[in-house]
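No value in this document is a laboratory result; all are computed from the given coordinates. All figures in this text were calculated on a predicted structure; none of them were measured in a lab. Glycine also receives a Cβ, built like all others from the backbone with ideal geometry; neighbour counts cover every protein chain displayed.
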Amino acid sequence: MELAFSPSEEIFRQEVRAWLLENVPSNAMPSGDTREGFEAHIDWERRLFDARLAVVSWPKEFGGRDASLWEWIIFEEEYYRAGAPQRVTQNGIFLLAPSIFQFGTPEQQERFLPKMASGEETWCQGWSEPDAGSDLAAVSSRAVRDEAAGGWRLSGQKTWTTRGAFCTHLFGLFRTDPDAQRHHGLTYLLVPLDTPGVTVRGFGRLDGDEGFAEVFFEDAFVSDDFVLGEVNSGWGVAMATAGSERGLTLRSPGRFTATADRLLALWREHGDPKDTQLRDAVTQAWIDTEAYRLQTLGVVTTLSKGGHAGPEASMVKIFWSELDVRLHELAMRILGPRAEVAETAWAKGWQFALSGPIYAGTNEIQRNVVAERVLGLPRK
Ligand SMILES: Cc1cc2nc3c(=O)[nH]c(=O)nc-3n(C[C@H](O)[C@H](O)[C@H](O)COP(=O)(O)OP(=O)(O)OC[C@H]3O[C@@H](n4cnc5c(N)ncnc54)[C@H](O)[C@@H]3O)c2cc1C
């Protein structure tokens with residue numbers, strides 16, 4: 001087995017590294033989960049796009065450079081290693097885009113992907129509702145057919161919509177056949193948030209950022225061109241999007257290897273050499289991160305050969321989200337009270353890491369998926 005990257009991949013790495021070295025802002029930007037910070041991050045996205053680095057693995061015609069998944073892994077490693085800004089376009093480029101490539105018509109791909117890549121249009125995920133979180137198939141927001149106008153009239157409410165207050169578009173699940181069984185009768189719709197009848201109300205998170213929004217629909221009209229996949233078959237499209245969120249694209253190993261390296265540096269600087277228990281825990285977290293990286297290389301091998309990620313993506317989600325909590329908890333232990341006073345990046349990262357076992361489907365639900373669909377255990 002050859003675990004090294006090829007010479008041309010290493011050339012790509014050097015190009016990415018050099019560009020990031022030259023361009024990553026030296027001062028930390030305000031959080032992308034604030035209005036001011038979001039705008040600053042979109043400016044950054046435009047610079048990435050101009051350098052053809054926003055979506056490296058996409059076809060050239062949509063703003064990418066036809067890079068392989070291996071090169072995408074390399075890009076991610078370099079991106080996080082350089083401490084580059086968070087990707088506020090992530091829900092579009094990492095979650096929705098793979099589903100547009102899989103289910104979208106050529107017209108939809110042409111219409112949505114280039115503007116997504118450039119940051120001109122930004123996407124939020126409209127799945128959760130006040131009475132539909134873990135049980136996503138319980139969504140009650142409706143889309144009613146308007147035959148004369150050639151589209152759908154939306155009503156209902158979404159919640160927990162990350163960056164909904166700042167984004168231009170939402171992708172969401174709407175009930176189009178209320179008489180069908182729960183998972184049937186749902187349709188995946190693409191909704192411009194400036195559509196008349198759509199109201200977005202931002203609200204704050206525990207860490208103070210206005211990261212969330214509620215989105216209300218009152219007779220808001222979208223045309224048939226904005227249906228992704230088949231009418232009443234939205235569940236299958238949504239599960240494909242969820243696979244991207246849990247599996248490969250949202251949380252690449254580069255994010256965690258960079259954090260693990262920072263943790264090692266923190267240990268060397270502040271760790272108590274006599275605390276062998278903490279030293280071993282730091283070592284184990286670094287090993288776990290490397291295991292995640294190697295596991296991901298295995299997933300990429302499968303995908304490169306035409307395979308699919310499948311329900312195993314749920315195991316991956318459990319692993320990366322719990323790993324992220326562990327890495328940040330160890331940093332907090334090393335820093336002790338200093339974490340709250342001076343090391344705000346670690347403290348903020350720890351707060352966000354705690355939400356990892358909840359978003360993208362809670363880890364309890366992922367364990368149910370693993371039990372039933374990977375291990376084949378009986379449903380209770
Ligand atoms: C940081 C963050 C960002 C988010 N961003 C978005 C977004 O952009 N768009 C969006 O649509 N949503 C978003 N969410 C919402 C997220 O998807 C939901 O919080 C999640 O699906 C859980 O739903 P819920 O909060 O309604 O909890 P509930 O479904 O009420 O669950 C409560 C608890 O019960 C457990 N539970 C429920 N059912 C079962 C079961 N069958 N078996 C075992 N345990 C169970 C859950 O695991 C959980 O611990 C975000 C959440 C967070 C924390």
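Observations on the structure shown:
- A DSSP coil position with no more than 16 other Cβ atoms inside 10 Å describes none of the GluC sites (Glu not before Pro) in region 292-380.
- Whether region 85-174 is rounded, prolate or oblate, judged on the alpha carbon gyration tensor where a/c under 1.5 counts as rounded: oblate
- The stretch between LEU303 and ARG145, if pulled fully straight at 0.36 nm per residue, gains 53.1 nm over its current Cα-Cα span.
- R0 of 45 Å, Cβ-Cβ distance LYS60-ASP131: FRET efficiency to nearest 0.05: 0.55
- Theoretical gain in end-to-end length, VAL341 to GLN86 [0.36 nm per residue, Cα-Cα removed]: 89.5 nm
- A Förster distance of 45 Å, applied to the separation of the beta-carbon atoms of ASN27 and ARG201, puts the FRET efficiency at 0.90.
- Value of Rg/Rh across region 219-280 [Cα atoms, Kirkwood radius]: 1.40
- Screening the chain for whole DSSP H helices of 20 Å or more along their axis (Cα) with average Kyte-Doolittle hydropathy at least 0.5 returns 313-335.
- With only Cα atoms counted, the chain has Rg and Dmax values of 21.1, 76 Å.
- Model label sites at GLU10 and ARG35, defined 7 Å from Cα along the beta-carbon direction, differ in position by 5.0 nm.
- Percentage relative contact order, the chain, counting C-alpha pairs under 8 Å, at least six apart: 13 percent
- Computed FRET value (nearest 0.05) for LYS115 with ASP272, which takes r as the C-beta separation and R₀ as 41 Å: 0.20
- Computed extension length for ALA180-MET239: 19.4 nm, one decimal, from 0.36 nm per residue of separation with the Cα-Cα distance subtracted.
- Dipole of region 7-118 [Lys/Arg +1, Asp/Glu -1 at C-beta], most positive-end residue of HIS41, PHE75, ALA28: HIS41
- Taking the DSSP beta bridges with both ends in the chain, the antiparallel portion is around 85 percent.
- Other residues within the sphere of radius under 9 Å centred on the Cβ of THR187, judged by their own Cβ, net out at -1 (K and R +1, D and E -1).
- Cross-link partners of LYS60 among lysines (Cα-Cα below 18 Å; sequence separation of 8 or more within a chain): LYS115
- Rounded to 5, percent antiparallel among DSSP beta bridges of region 91-201: 70 percent
- Each 5 Å bin from zero holds the following percent of Cα-Cα pairs in region 247-374: 2, 11, 19, 20, 18, 13, 9, 5, 3, 1.
- Rounded if a/c under 1.5, otherwise prolate or oblate - region 123-234, Cα gyration tensor axes: oblate
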